[in-house]
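Peer 1: Provided herewith is a single structure, encoded as structure tokens, for subsequent inquiry.
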Amino acid sequence: MKLASLQSTGPTRRDGRLVVVSTDLTRMLPALHIAPTLQAALDDWSSVETPLQEISRRVNSGEGSPFDPAECLSPLPRAYQWADGSAYVNHVELVRRARNAELPASFWSDPLMYQGGSDTFLTPRGSIPLADESWGLDFEAEVVVATDDVPLGASPKLAAERIRLLLLVNDVSLRNLIPNELAKGFGFFQSKPSSAFSPVAVTPDELGAHWREGRLHRALEVDYNGQPFGRANAGIDMTFDFPTLIAHAARTRALGAGTLIGSGTVSNRGADGGPGRPIAEGGVGYSCIAEQRTVETLLRGTPHTPFMRAGDRIQIDMRDDAGRSIFGQIDQRVAAYPLG
């Protein structure tokens, strides 16, 4: 089953109106009579899942009107909680190396996670506002799960049972603001502005055998300014699976329905165990600019790929065996945003 939130007016304008989308992303049917919004559906999942699946059967049999991803908000336009992990330790190692920070041994056994802003997600086909190019704007392509209610102290096994949906995200970062913020010892805030999620969220059964062991075994396609930039497989080199990340988040608190848990930037090591190579050099590339800049520094002594500027375009997608987009493509351009 695939679900999306369309732009709306009236009482649901902030949260969109829920529609069920066909597997090939060509048609949709409204679901307002079952749940007005995706958050409402997640709040009452045990009651609404079966009727939503019936709508899914109908839309996949040919009913419905044309679906246009450009009309979508992020599936959850705002969420009660957005917590982003860093399950790909290769990525953590590379970005820390870029700022001359050591990688503690505990990072291989204890997940990293930060609490992100979740009140103003960007739209998947809208712009990324940037007030100052010196802040070092970067994209980060990731996989995300949305949960049902998760009790405090949940085990990974229980956490796995509470995964309801999967999405993609562009977790926007301002790289040049990160070092000074982290040096204060209180975590990210200004360096992590609003993110954008894929037009569609999907239930795990839509992914078949590619969703297994708490990981999504598909290539995450990242194109930057029209050129292939990353093709890392999200199921490879993922040190912590999603049930482990969810259990980590729930260690000291319960998680409400609609909690979003991110994988962190998808990152694969090279065949030789090293940091990997760009696509143009036969590698699978990278899911953020920071990794490429780190590799450039390691190989050449200095980075030469700049961070994003006004007009730059980022596209993030994942395809099924037939070559069709699974989640719909995130397609954003950077737009100058004058302050004051």
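The values are calculated or read from the model by the stated rules, or taken from the named source; none is laboratory data. Not measured: the values here are computed from a predicted model. In this analysis, Cβ positions are derived from the backbone assuming ideal geometry, glycine residues included, and neighbour counts consider all displayed protein chains. With ligands, DNA and RNA removed, areas are computed over all heavy atoms of the protein, side chains included. Shrake-Rupley method; radii C 1.70, N 1.55, O 1.52, S 1.80 Å.
Per-residue answers, yes or no, for (1) open to solvent by 70 Å² or more (accessible area, probe 1.4 Å); (2) assigned to a loop (DSSP other than H, G, I, E, B):
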residue: Glu102; (1), (2): yes, yes
residue: Ser106; (1), (2): no, no
residue: Pro111; (1), (2): no, yes
residue: Pro124; (1), (2): no, yes
residue: Pro129; (1), (2): no, no
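Peer 1: Going through Glu63, Glu49 one at a time, which residue ends up being open to solvent by 30 Å² or more (accessible area, probe 1.4 Å) and either β-branched (Val, Ile, Thr) or more than 25 Å from the chain's Cα centre (by Cα) (or both)?
Peer 2: When all the criteria are applied, what remains is Glu63.
Peer 1: Yes or no: Asp205 acidic (Asp, Glu), at pLDDT below 95 and surrounded by fewer than 16 Cβ atoms within 10 Å (Cβ to Cβ)?
Peer 2: No: the conditions fail for Asp205.
Peer 1: How many of the residues in segment 262-300 are in a loop (DSSP other than H, G, I, E, B) and at negative phi?
Peer 2: Residues that pass the stated criteria total 17.
Peer 1: Are any residues in segment 61-97 farther than 21 Å from Gln115 by Cα, touching a strand residue (DSSP E or B) at 6+ places or on another chain (Cβ under 8 Å) and assigned to a helix (DSSP H, G or I), and if so, which ones?
Peer 2: Pro69, Glu71
A quick yes/no check of all residues on (1) more than 22 Å from Gln115 (Cα to Cα); (2) in contact with a Lys or Arg (Cβ under 9 Å, 6 or more places away or on another chain); (3) hydrophobic (A, V, I, L, M, F, W, C):
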| site | (1), (2), (3) |
| --- | --- |
| Ile261 | no, no, yes |
| Gly274 | yes, no, no |
| Pro278 | yes, no, no |
| Gly285 | yes, yes, no |
| Leu299 | yes, no, yes |
| Met318 | yes, yes, yes |
| Ala322 | yes, no, yes |
| Ala335 | yes, no, yes |
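Peer 1: Exactly one of (1) surrounded by fewer than 23 Cβ atoms within 10 Å (Cβ to Cβ); (2) of a type outside the set (Asp, Glu); (3) in contact with a helix residue (DSSP H, G or I) (Cβ under 8 Å, 6 or more places away or on another chain) is unmet by Gly273. Its number?
Peer 2: (3)
Peer 1: So Ala310 fits all but one of (1) assigned to a loop (DSSP other than H, G, I, E, B); (2) under 22 Å from Glu142 (Cα atoms); what number is the exception?
Peer 2: All conditions are met except number (2).
Peer 1: Residues to consider are Leu299, Leu260; find the one that is modelled with pLDDT of 95 or more and among the aliphatic types (A, V, I, L, M). Step through it out loud before you land on a result.
Peer 2: Working: Leu299 fails: modelled with pLDDT of 95 or more.
When all the criteria are applied, what remains is Leu260.
Here is a yes/no grid of residues against (1) free of Cβ contacts under 8 Å to residues at least 12 places away in the same chain; (2) farther than 13 Å from Asn90 by Cα:
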site	(1), (2)
Thr265	no, no
Gly270	no, no
Gly282	yes, yes
Leu299	yes, yes
Met308	no, yes
Ile314	no, yes
Met318	no, yes
Ala322	yes, yes
Ala336	no, yes
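Peer 1: Filter segment 234-248 for residues that are farther than 15 Å from Glu161 by Cα and either buried (at least 23 other Cβ atoms within 10 Å of the Cβ) or touching a Lys or Arg at 6+ places or on another chain (Cβ under 7 Å) (or both) and give the result.
Peer 2: Ala234, Gly235, Asp237, Met238, Phe240
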